[in-house]
Amino acid sequence: MNLNLRAAILHNVSDNDQSQLEDTIVDAIQSGEEKMLPGLGVLFEVIWKNSSEDEKKEMLETLEKGVKG
């Protein structure tokens, strides 16, 4: 079986509005389930690919602060 996980995840959220996307992200984080990590990764990939260089820099600064906590 050849499953394209990235395509499946994008298909599952392609009709979602901002509120539904936020709910998906919050639910995935709050659940703490490892199986949700690939979906969050795909959503982050979409954000990254559609961000300006300044937005990417800001995300990296936020990420660095978060991981150094």
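Each reported figure results from applying straightforward, stated rules to the coordinates on display, with no laboratory input. What you see is a predicted model, and the numbers here were worked out from it, not measured in a lab. Cβ coordinates were reconstructed from backbone atoms using ideal geometry, including for glycine residues, and neighbour counts include every protein chain displayed.
For the chain, the tally of Lys pairs with Cα-Cα distances below 17 Å comes to 4, considering only residues 8 or more apart or on different chains.
Multiplying the residue separation of residue 55 and residue 27 by 0.36 nm and removing their Cα-Cα distance gives an extension gain of 7.7 nm.
Dipole of region 5-68 computed with +1 at Lys/Arg Cβ and -1 at Asp/Glu Cβ about the Cα centre; of 16, 50, 60, farthest Cα towards the positive end is 60. Evaluated at q = 0.13, 0.21, 0.28 Å⁻¹, a Debye calculation over the C-alpha positions of the chain (equal weights, vacuum) places log10 I(q)/I(0) at -0.45, -1.08, -1.29. Of the peptides 10-17, 40-47, the order by per-residue mean of other Cβ atoms within 10 Å, starting with the highest, comes out as 40-47, 10-17. Using the Karplus relation 6.51 cos²θ - 1.76 cosθ + 1.60 with θ = phi - 60°, the per-residue 3J(HN,Hα) values for region 19-29 come to 5, 5, 5, 4, 4, 4, 5, 4, 4, 5, 6 Hz, with x marking Gly and Pro. About its Cα centre, region 5-68 has a charge dipole of approximately 280 debye under the convention of +1 per Lys or Arg Cβ and -1 per Asp or Glu Cβ, with nothing else charged.
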